[in-house]
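In what follows, a single structure is set out as structure tokens and then discussed.
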Amino acid sequence: MSVEQLTKDERKSWLDALSEWRLCRDDSAIERTFEFANFSEAFAFMTRVAMLAERKDHHPEWFNVYNKVEITLTTHDAGGLSLRDVKLARKIDKLLA
Ligand code: HBI
């Protein structure tokens, strides 16, 4: 299924809304680092994100060490940042609410 990359203007307006996320990889991805009380809390968060990713068929690139989780979102099928990435980022942020 073809997925379109966000335009430069769309990237900017979405990133204004996703203030905790940063553009990276030459604006082809967004990243955010999360810090929890301990590994158990971090892994519980990762489990919830994993379920979200499966439900949306859109999966993060991520790194975890102890209580830190670094998440990078990009759309491989689009070769860059797409609406799927920003929508998943918003849902991930809502897990913290
Ligand atoms: N996750 N981040 C990301 N990017 C994709 O292109 C992607 C995915 N998860 C599943 C998926 N694509 C499938 O639709 C197939 O395209 C592999």
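The values are calculated or read from the model by the stated rules, or taken from the named source; none is laboratory data. All figures in this text were calculated on a predicted structure; none of them were measured in a lab. Every residue, glycine as well, gets a Cβ built from its backbone with ideal geometry; the counts of neighbours run over all protein chains shown. Side chains included, ligands, DNA and RNA excluded: accessible areas come from the protein's heavy atoms. Shrake-Rupley method; radii C 1.70, N 1.55, O 1.52, S 1.80 Å.
Here are a few things to note about the model shown:
- Scanning the range 62-76 for residues being more than 7 Å from the ligand (Cβ to nearest atom) and in contact (Cβ under 8 Å) with a residue 12 or more places away in the chain gives a total of 9.
- Condition check for residue 9 on (1) open to solvent by 80 Å² or more (accessible area, probe 1.4 Å); (2) within 16 Å of the ligand (Cβ to nearest atom): one failure, at (2).
- Flag for residue 57 being farther than 17 Å from residue 25 by Cβ and more than 10 Å from the ligand (Cβ to nearest atom): no
- Taken over the range 58-87, the criterion of being charged (D, E, K, R) and either under 14 Å from residue 2 (Cα atoms) or assigned to a helix (DSSP H, G or I) (or both) is satisfied by 77, 84, 85, 87.
- Qualifying residues in the range 60-97 (those that are open to solvent by 90 Å² or more (accessible area, probe 1.4 Å) and more than 10 Å from the chain's Cα centre (by Cα)) - the one farthest from residue 30 (Cα to Cα): 66
- Residue count, the range 8-30 (criterion: within 17 Å of residue 78 (Cβ to Cβ) and outside any helix (DSSP H, G or I)): 8
- Applying the set (1) touching a residue at least 24 places away in the same chain (Cβ under 8 Å); (2) surrounded by fewer than 16 Cβ atoms within 10 Å (Cβ to Cβ); (3) of a type in the set (D, E, K, R) to residue 26 leaves exactly one unmet item: (1).
- In the range 34-53, the residue that is nearest to residue 22 (Cα to Cα) out of those that are in contact (Cβ under 8 Å) with a residue 40 or more places away in the chain and out of contact with any Leu (no Cβ under 6 Å at 6 or more places or on another chain) is 34.
Conditions (1) more than 12 Å from residue 92 (Cβ to Cβ); (2) touching a strand residue (DSSP E or B) at 6+ places or on another chain (Cβ under 6 Å), marked per residue:
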{"position": "26", "(1), (2)": "yes, no"}
{"position": "51", "(1), (2)": "no, no"}
{"position": "63", "(1), (2)": "yes, yes"}
{"position": "76", "(1), (2)": "yes, no"}
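- Any chance residue 3 is within 11 Å of the ligand (Cβ to nearest atom) and of a type in the set (Val, Ile, Thr): yes
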